[in-house]
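Heads up, the thing below is written out as structure tokens.
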Amino acid sequence: MNQLRSFILKEFRHIFRDVRTMLILLVLPVVMVLLFGYVITTEVKDIRMVVVDFSHDDVTQQLCERFSSNHYFHLVGSADNVSQATHMLENGEADVVMVLAENFAQQLGHSREASVQLLIDGSEPNQASARTAYAQQVLTSIAQEFSATLGIEPQFQIIPVTHALFNPHLRSEYNFVPGNMGMILLLICAMMTSVSIVREKEMGTMEVLLASPLPPLVIIIAKLIPYLVISIINLVTILILSKYLLGLPFAGSLPAFMGISMIYLIVSLALGLLISTLVRTQLAAMILSLLLIVPTIYFSGMTFPIESMPTLYQHVASLIPARWYVSAVRKLMIQGVEVQHVMHETAILAIMAVVLVSVSLATFKKRL
Amino acid sequence: MIVSVHNLKKRYRRVQALREVSFDVNEGEIFGLIGPDGAGKTTLFRILATLLLPDGGTASVDWLDVVRDYKAIRRRIGYMPGRFSLYQDLTVEENLQFFATTFGTTIQENYHLIKDIYQHIERFKTRKAGQLSGGMKQKLALSCALIHAPRVLFLDEPTTGVDPVSRKEFWEMLHHLQHDYGITIVVSTPYMDEAMKCDRIALMQDGQFLQIDTPQAIIAGYERNLWSVSSDHMHQLLGHLRQWPQATSVFSFGVTYHVTVSPDADANRLRNFLAQKGHQHIDINPISASIEDAFMALSTTRQG
């Protein structure tokens with residue numbers, strides 16, 4: 001017990017005394033969550049709007065004023081025709097084009113109907129759908145106001161036209177947080193653990209440790225525990241960040257989430273241990289871990305939906321632990337399902353954990 | 001025999017590292033493995049420290065088999081690998097503390113053992129091990145290998161890369177450990193002068209032992225018939241010496257050649273022989289042999 005405690009203490013000293021390790025362990029996860037979750041896809045503001053007004057009457061003027069006074073929108077100009085406005089969209093000078101039909105006020109007065117067309121830049125689908133929703137909200141509130149003041153009930157016909165220039169898969173920012181968790185935990189557990197074990201081999205200290213009465217199991221456990229602790233800290237940090245900074249709801253059961261996360265951590269740690277038994281240098285350990293992370297990015301469902309993959313790729317994906325973890329986390333966090341709906345994922349991860357732990361323990365050498 | 005090795009063999013993919021090596025070490029002895037890099041010294045240490053499995057033969061440490069009883073052996077030995085193998089980012093004291101705990105003991109319990117050695121570095125105890133000088137690193141490594149009061153110490157080239165003063169101090173410490181605590185020490189070195197400080201040595205080359213004896217006995221075998229020869233044409237001299245029938249071996253030794261000759265050889269006849277070949281300023285001196293002479297002579301006869 002004393003041996004284990006002093007070994008763990010030593011491991012933490014290694015970690016705390018190396019600035020680079022600290023950056024990877026504690027700063028990188030936060031930066032990644034912020035980058036993916038906050039900077040890249042986040043709340044919509046400063047929507048640049050161009051108006052094509054074919055009517056130029058009191059009502060359209062009022063409409064424009066309402067948009068320019070709304071703090072989400074600002075009018076960056078007007079265009080004489082739709083093609084000119086579309087051009088501005090394509091050049092990235094505007095995010096949204098609002099086309100107001102001819103005789104707008106007149107139409108509104110006669111038939112209580114007037115056409116508003118919205119053209120949205122769809123290269124970022126999440127943003128595009130959010131912008132559409134914002135614009136619709138503004139229009140709806142204006143419509144309600146008109147009905148109160150004019151005693152009429154105008155109806156806006158909104159036709160969103162999405163230019164899907166890139167990224168045909170419409171993805172939700174909700175994917176990023178579970179996906180990130182799967183990736184960060186794998187990075188910390190597999191890469192940092194394997195590197196820290198291989199470092200002892202490379203520095204020659206493993207030779208001294210093995211020639212000592214220290215049981216190999218103590219060496220392994222002492223190597224894994226610090227990274228397990230740090231991973232749990234990161235897990236909690238990510239949860240707090242995503243709830244309070246990204247405004248992501250945590251709908252499901254927290255104990256279930258922690259439970260499946262622990263299984264995933266054990267899988268990742270065992271992978272790290274396995275890598276450390278296969279290689280001799282820190283560089284090789286790092287490369288092998290990165291080779292593990294690349295398929296995790298592509299096959300975990302984080303970037304591409306698994307359902308839309310060819311069958312062969314779906315089979316490949318089912319070998320990736322993160323694929324099951326990300327799926328379970330998504331269900332637990334965002335959909336808020338009951339525990340029994342993630343039993344399938346939990347069972348597969350548990351089997352992976354048992355297999356990987358036994359294989360890596362069996363391959364850990366008690367000699368050089 | 002506290003260390004007993006019998007017909008030990010070890011082969012790496014392409015290299016035969018050990019070819020049927022046998023030797024015994026008496027309790028309380030300082031036993032030296034003398035040989036150049038690649039002789040197989042490290043492989044031998046690793047087998048004795050239970051870190052490698054031999055391909056053939058047997059080895060025992062403290063009457064325990066290195067393969068079967070490896071766990072028990074690991075409690076009884078102190079092993080210092082050839083490379084500095086402590087944690088460079090931990091301080092001197094943290095390293096010592098860690099290894100004491102690893103072996104289930106405390107610094108206080110066996111402080112008397114390491115006191116003489118540790119005193120040299122104690123004032124740097126808050127310094128990181130990576131920032132110590134070569135000599136101090138070795139003293140710390142020795143302290144760490146000793147902290148659990150081992151029966152046998154295996155020291156793989158402990159003085160390589162260490163300054164002469166620290167080397168001398170290091171050997172004094174080893175003798176101290178031998179005399180005061182009866183610790184058996186198996187030590188390897190590429191420095192021939194350090195061989196004289198061992199009780200017995202094994203001259204080692206290409207995975208085999210050339211000779212095992214006390215350093216004095218090994219030297220005595222070459223005492224009476226070793227000459228140091230030089231002339232104005234050093235380059236041709238080597239070939240000419242080898243042509244002389246009574247020279248059994250010739251090898252370069254700094255600025256002269258050391259020639260082993262048959263017991264009935266006469267220095268004047270060699271002088272005449274060389275003069276005929278056109279050499280001038282011929283200088284021939286009978287000299288007392290060193291371990292290096294013995295080693296060179298043995299290794300050339302093996303190769304020849």
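The values are calculated or read from the model by the stated rules, or taken from the named source; none is laboratory data. From a predicted model like this one, the values you see are computed outputs, not experimental measurements. We place every Cβ from the backbone using ideal geometry, glycine too, and count neighbours over all the protein chains shown.
Tabulated values for the structure
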{"quantity": "Lone unmet requirement of (1) on the phi < 0 side of the Ramachandran plot; (2) within 12 Å of chain A (Cβ to nearest Cβ); (3) part of a loop (DSSP other than H, G, I, E, B) for B:GLY104", "calculated": "(1)"}
{"quantity": "Unique residue being modelled with pLDDT of 90 or more and either out of contact with any Cys (no Cβ under 9 Å at 6 or more places or on another chain) or among the hydroxyl-bearing types (Ser, Thr, Tyr) (or both) when the list is B:VAL259, B:VAL229", "calculated": "B:VAL229"}
{"quantity": "The range B:73-84 - residue that is farther than 17 Å from A:VAL218 by Cβ and surrounded by fewer than 23 Cβ atoms within 10 Å (Cβ to Cβ) and, of those, nearest to the other protein chains (Cβ to nearest Cβ)", "calculated": "B:ARG83"}
{"quantity": "Residue identified as within 14 Å of chain A (Cβ to nearest Cβ), closer than 17 Å to B:PRO150 by Cβ and touching a residue at least 12 places away in the same chain (Cβ under 8 Å) among B:VAL61, B:VAL25", "calculated": "B:VAL61"}
{"quantity": "Scope the range B:253-291; condition part of a helix (DSSP H, G or I), surrounded by fewer than 17 Cβ atoms within 10 Å (Cβ to Cβ) and in contact (Cβ under 8 Å) with a residue 40 or more places away in the chain; matching residues", "calculated": "B:ALA267"}
{"quantity": "Residue among B:GLY82, B:GLY130, B:GLY78, B:GLY104 that alone is in contact with a Pro (Cβ under 6 Å, 6 or more places away or on another chain) and among the small types (Gly, Ala, Ser)", "calculated": "B:GLY78"}
{"quantity": "Tally, over the range B:184-214, of residues that are within 16 Å of B:THR43 (Cβ to Cβ) and either among the hydrophobic types (A, V, I, L, M, F, W, C) or not assigned by TED's automatic domain parsing to the domain that holds B:GLU157 (or both)", "calculated": "5"}
{"quantity": "Failed criterion for B:THR43 (all others in (1) within 14 Å of chain A (Cβ to nearest Cβ); (2) part of a helix (DSSP H, G or I); (3) more than 29 Å from B:SER290 (Cβ to Cβ); (4) of a type outside the set (Asp, Glu) hold)", "calculated": "(3)"}
{"quantity": "Options B:ASP37, B:ASP89; residue that is of a type in the set (Asp, Glu), within 10 Å of another protein chain (Cβ to nearest Cβ) and assigned to a loop (DSSP other than H, G, I, E, B)", "calculated": "B:ASP89"}
{"quantity": "Whichever residue in the range B:120-144 is under 18 Å from the mean Cα position of the chain (by Cα) and touching a residue at least 40 places away in the same chain (Cβ under 8 Å) and, among such residues, is surrounded by the most Cβ atoms within 10 Å (Cβ to Cβ)", "calculated": "B:GLN138"}
{"quantity": "Residue among A:ARG367, A:ARG330 that is under 16 Å from A:LEU185 (Cα atoms) and of a type in the set (Lys, Arg)", "calculated": "A:ARG330"}
{"quantity": "Helices (runs of 4 or more DSSP H) contained in the range B:155-233 and holding at least 1 residues of a type in the set (A, V, I, L, M) and more than 30 Å from B:LYS115 (Cα to Cα)", "calculated": "B:215-220"}
{"quantity": "For A:ALA362: the one exception among (1) closer than 19 Å to A:LEU265 by Cα; (2) small (Gly, Ala, Ser); (3) part of a helix (DSSP H, G or I)", "calculated": "(1)"}
{"quantity": "Evaluation of A:VAL342 against (1) exposed (fewer than 15 other Cβ atoms within 10 Å of the Cβ); (2) in contact (Cβ under 8 Å) with a residue 40 or more places away in the chain (one fails), failing number", "calculated": "(1)"}
{"quantity": "B:GLN97 being touching a residue at least 24 places away in the same chain (Cβ under 8 Å) and either part of a helix (DSSP H, G or I) or more than 14 Å from every other protein chain (Cβ to nearest Cβ) (or both)", "calculated": "no"}
{"quantity": "Residue list for the range B:1-20, restricted to those being over 16 Å from B:LEU64 (Cβ atoms) and either in a strand (DSSP E or B) or touching a strand residue (DSSP E or B) at 6+ places or on another chain (Cβ under 8 Å) (or both)", "calculated": "B:ASN7, B:LYS9, B:LYS10, B:ARG11, B:GLN16, B:ALA17, B:LEU18, B:ARG19, B:GLU20"}
